[in-house]
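Down below is the structure, laid out as structure tokens.
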Amino acid sequence: MTQAAQLVRYEHARTALAECYRVDEVKDIRDKAEAMAAYARQAKDSELIQYATEIKVRAERRCGELLATTEKNRGAAGVGSNQHQVRSHDSTAPTLAEMGLTRDESSRYQQLAAMPDEHFETAVATAKATAGEVTTAFMLREAKKAKPAPIKGKAAEKKRQELREAQERGVSMLCTYARLTLSAIESLEEFTDEERQVLDDLRTAIDRTSIIH
């Protein structure tokens, strides 16, 4: 495949991903890109490897975006938190298993979707420049570096005021919520994708906190 042909296919694939609104459609693009990457490695086609692996990761990110939106719709509709199902306001929405996804894949893809656009694009460029391909593992490591936007303004002041008032009463809100979280973790045998994401965020926040040794 010539460089011009690869560019055309690359742009076509990115456009197709942007226009996809069903997880199964995105997964089909992702699976085809993975197969193309495997062929490119056998053919030792470095440019095709970069193209195929980038499209694969972009498809995973788009899949995560759609899954995250579905999760929000499900929560807003008050649907139960069966971790084996991903449903939106449409009661006929397929489950993860029906879409050919595992809970771990759903969690990984939503982590990619949560990356800020600029960070994601920088990470893709870095992976191609340093490793010659874009792997999901590398992108997930980069995703964990994405620092959530700090709470500012009135919301931050309100939270600080709540903490001060609790401390004056001799109550540690941190300890209270931490104990509740620990109790929930110990009592559950399985976690939903949303719960897994929150726990990942909590672990990342703890890792970043210099106070904890």
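So the values come out like this:
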quantity	calculated
Helices (runs of 4 or more DSSP H) enclosed by the range 124-213 - at least 2 residues per element that are at pLDDT 75 or above and of a type in the set (S, T, Y)	173-187
Top-ranked residue of the range 125-145 - restricted to ones that are among the aliphatic types (A, V, I, L, M) and surrounded by 16 or more Cβ atoms within 10 Å (Cβ to Cβ), ranked as farthest from R41 (Cα to Cα)	A143
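Here's the yes/no breakdown for (1) in contact with a His (Cβ under 9 Å, 6 or more places away or on another chain); (2) at pLDDT 95 or above; (3) hydrophobic (A, V, I, L, M, F, W, C); (4) surrounded by fewer than 14 Cβ atoms within 10 Å (Cβ to Cβ):
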position: C20; (1), (2), (3), (4): no, no, yes, no
position: D28; (1), (2), (3), (4): no, no, no, no
position: A33; (1), (2), (3), (4): no, no, yes, no
position: K44; (1), (2), (3), (4): no, no, no, yes
position: Y51; (1), (2), (3), (4): no, no, no, no
position: K56; (1), (2), (3), (4): no, yes, no, no
position: L66; (1), (2), (3), (4): no, no, yes, no
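The values are calculated or read from the model by the stated rules, or taken from the named source; none is laboratory data. Since this is a predicted model, take the numbers as computed values, not measurements. Counting neighbours? That spans all protein chains shown, and the Cβs are built from the backbone with ideal geometry, glycine included.
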